[in-house]
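Bear in mind that the values in this text are calculations on the coordinates, not laboratory data. Quick caveat: nothing in here was measured; it's all calculated off a predicted structure. Cβ sites come from the backbone with ideal geometry, for glycine too, and all protein chains shown count toward neighbours.
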Amino acid sequence: MIYPAEWLTAMEAGAYLKVKVRTLLLWVRQGKVKAFALSGTKRRVWRFRLSDLDAALLESAVLPSKSPSVLPAERMDQ
């Protein structure tokens, strides 16, 4: 899918990030993704900028875990 417009709907932004809309809106509530609420409607209608979505992806680095195994630490010592 091509995203020529800078502003995306929640559905388009979710597709761009390859996540469900519910996940995207959760990230908005958690402050992980910047979004803009449009006024004048009963329900919140969200719009997202491509640059904000890209920035959210780049700033959330994956931190390495202490133990690379899925086994509990006590089982790894055996």
Give segment 13-27 a look and list any residue that's in contact (Cβ under 8 Å) with a residue 24 or more places away in the chain and out of contact with any Leu (no Cβ under 8 Å at 6 or more places or on another chain), or say none. 27
Which residues, counting only those in segment 11-46, are closer than 18 Å to residue 58 by Cα and among the β-branched types (Val, Ile, Thr)? 19, 23, 28, 33
Would you check which residues across segment 33-44 are assigned to a strand (DSSP E or B) and touching a residue at least 12 places away in the same chain (Cβ under 8 Å) and list them? 36
